[in-house]
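A.B. asks: Here you go, one structure.
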Amino acid sequence: MFQQMGFGVAVALLIDATIIRSVVLPSSMKLLGDWNWYLPRALEWLPRLQVESGSRGPGSPPLPALESSGGSDT
């Protein structure tokens, strides 16, 4: 029985890794376009992160450190 379960998991992993992640996911992302990054209104409280385009070469200033809330759990 464990051999059958192991075989089933191996087949499921193979299908997921090859077909789903290399064919279905990229094609659906191409078809959806900007809708891939749609954020529902209920999740607007999440912070918006943006990545600046361009390369950082040697001699560019360091990035600022992220600030933590600094609160205690007590």
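A.B. asks: Determine whether the stretch 1-11 contains at least one residue that is in a helix (DSSP H, G or I), at pLDDT 90 or above, among the polar types (S, T, N, Q) and exposed (fewer than 10 other Cβ atoms within 10 Å of the Cβ).
C.D. replies: yes
A.B. asks: Does Arg48 meet the test of being modelled with pLDDT under 90 and surrounded by fewer than 10 Cβ atoms within 10 Å (Cβ to Cβ)?
C.D. replies: Here the answer is yes, as Arg48 does meet what is asked.
The values are calculated or read from the model by the stated rules, or taken from the named source; none is laboratory data. Keep in mind that this is a model prediction, so the values were computed, not measured. Every residue, glycine as well, gets a Cβ built from its backbone with ideal geometry; the counts of neighbours run over all protein chains shown.
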